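Let me begin by presenting the structure, written as structure tokens, before commenting on it.
The values are calculated or read from the model by the stated rules, or taken from the named source; none is laboratory data. The structure presented is a predicted model; accordingly, all values stated were derived computationally and were not measured. Ideal geometry is used to build each Cβ from the backbone, glycine not excepted, and the neighbour counts take in all protein chains shown.
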Amino acid sequence: MNQFQNQNTQPLSKMKIFNNWDVVAKGWYIACPSRELPTGKAKSVDIYEQRIVIFRGEDSKVRALDAYCPHLGTDLGIGRVEGNLIRCFFHHWAFDGEGKCQHIPCQSDIPEKAKLQAYATEEKYDFIWVYPDVNPPHGVAEFDELKGKSLLTIHDKAFERNCHHHICMMNGIDAQHLQTVHKLNIKMELFLQQNELNQIIDFTLRGQFSNTTPRERLGQKILGNNYEYTMRYADGCIGLLTIMKNVRLVPPLHMIYAYTPIKDGRTRIQPIYVTEKRTGIWGWFVSRILLLLTKLAYYFLRDEDGMIYDNIRYNPNAIISIDKPLIKYMNYVNSLETSIWSKKFDT
């Protein structure tokens, strides 16, 4: 929504990083599905207002650079990959994965300014991720229960919301809206844990099902009296949700929400469903059933929430006690490190 609306009667509170379109925090952002970048191919992608060229060399490794050639500014995404270099389509200058120009056809001397900003990449969950720095302090976030295991993933088509991704991300810890929007009249006990690097924060919410609505009675009958789920936030741009914890019949289900800020005040959201890759015919069947259940759980809540986040001008001025998790999350985001993709970057 327009941040300049209602300024005289409802002035917008601007925070350091949270809900601030001038700032992009350091973190892992999706570039594209891995299958879209075969060996020897390049493409340019937009992350917020940054254009990045990614290319896969003959060694199968993905590299990422600022997209515009430092010579005259041609988009390197229309160039060609040679070995582990990307060569500009216009004048055929060639750059390595560190952004250094290695060859200019018309002369042997390479200008000092013939270099580009390079970025770290990682392939995980069937996607290529880019970090706005050369040396990331950590990899793409994982689920504790799935670390060290072979994974099976599927993903839905990405969609957009008309608000900042920090706002969308708080959905999983907004206890009040579970009662008002989704008619789940449950009381939750909050357990909060933050890691040493300060880039991950975990919200664990647990309690007992009530027995007042059809949804609650159905959940109680299938899952038991108690429920528990964990919302892990990484870098203020990835949400890892684990549901069905410590219930009967169903093992924990895992889904990822990867958020990318895009132009004009919108956010692209990529849902990813993850489970352990089990062996044998029965294991194959179980893994895919669990992925299907995860997807159904996501669709159960998605449409109702969409109406909210496409029609919101977030301005927290009348906070109440049940909003404690939201305050914790906003403070966490404001403690993150600012990246060089920000409009106002302090070195």
Selection from the stretch 140-171 of residues that are assigned to a helix (DSSP H, G or I) and closer than 18 Å to TYR125 by Cβ: ASP144, GLU145, LEU146, HIS165, MET169
Residue ID - nearest to the chain's Cα centre (by Cα), chosen from residues in the stretch 242-260 that are surrounded by 18 or more Cβ atoms within 10 Å (Cβ to Cβ), farther than 15 Å from LEU151 by Cα and of a type in the set (A, V, I, L, M, F, W, C): ALA258
Test: LEU336 is within 18 Å of the chain's Cα centre (by Cα) and of a type in the set (A, V, I, L, M, F, W, C): yes
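The rows are residues; the columns are (1) in the same structural domain as ASN311 (by TED's automatic domain parsing); (2) without any contact (Cβ under 8 Å) to a residue 40 or more places away in the chain; (3) under 23 Å from VAL140 (Cβ atoms); (4) in a loop (DSSP other than H, G, I, E, B).
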position	(1), (2), (3), (4)
ARG248	yes, yes, no, yes
ALA258	yes, no, yes, no
ARG268	yes, no, yes, no
VAL274	yes, no, yes, no
ILE281	yes, yes, no, no
LEU291	yes, no, yes, no
TYR299	yes, yes, no, no
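Restricting the stretch 232-246 to residues that are β-branched (Val, Ile, Thr) and touching a residue at least 60 places away in the same chain (Cβ under 8 Å), which is nearest to HIS164 (Cα to Cα)?
ILE238
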Pair list, Cβ under 8 Å, 6 or more apart: the stretch 45-59 residue more than 14 Å from ASP264 (Cβ to Cβ), other residue part of a loop (DSSP other than H, G, I, E, B) and aromatic (Phe, Trp, Tyr): ILE47/TRP341; GLN50/TRP341
Failed criterion for LEU301 (all others in (1) of a type in the set (A, V, I, L, M); (2) buried (at least 20 other Cβ atoms within 10 Å of the Cβ); (3) at pLDDT below 85 hold): (2)
Flag if ARG278 is basic (Lys, Arg) and at pLDDT 90 or above: yes
Residue count for the stretch 56-95, restricted to those that are among the charged types (D, E, K, R), within 19 Å of ALA31 (Cα to Cα) and either assigned to a strand (DSSP E or B) or in contact with a strand residue (DSSP E or B) (Cβ under 6 Å, 6 or more places away or on another chain) (or both): 5
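Taking ASP75 as the residue in question, decide whether it is surrounded by 15 or more Cβ atoms within 10 Å (Cβ to Cβ), out of contact with any helix residue (DSSP H, G or I) (no Cβ under 7 Å at 6 or more places or on another chain), among the charged types (D, E, K, R) and closer than 30 Å to TYR233 by Cβ. Don't jump to the end; show me each part of the working.
Values: surrounded by 15 or more Cβ atoms within 10 Å (Cβ to Cβ): yes; out of contact with any helix residue (DSSP H, G or I) (no Cβ under 7 Å at 6 or more places or on another chain): yes; among the charged types (D, E, K, R): yes; closer than 30 Å to TYR233 by Cβ: no.
No; evaluated as a whole, the condition is false for this residue.
Across the stretch 305-327, what is the number of residues that are in a helix (DSSP H, G or I) and more than 21 Å from the chain's Cα centre (by Cα)?
4
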Lone unmet requirement of (1) outside any strand (DSSP E or B); (2) at pLDDT 90 or above for ASP264: (2)
Members of the stretch 314-327 that are crowded, with 16+ Cβ neighbours inside 10 Å and of a type in the set (D, E, K, R): ASP323
Scan of the stretch 185-205 for residues that are buried (at least 16 other Cβ atoms within 10 Å of the Cβ) and at pLDDT 65 or above, ordered by number: GLN199, ILE200, ILE201, ASP202, PHE203, THR204, LEU205
Selection from the stretch 24-51 of residues that are surrounded by 14 or more Cβ atoms within 10 Å (Cβ to Cβ) and over 17 Å from GLU123 (Cα atoms): VAL24, ALA25, LYS26, ASP46, TYR48, GLN50, ARG51
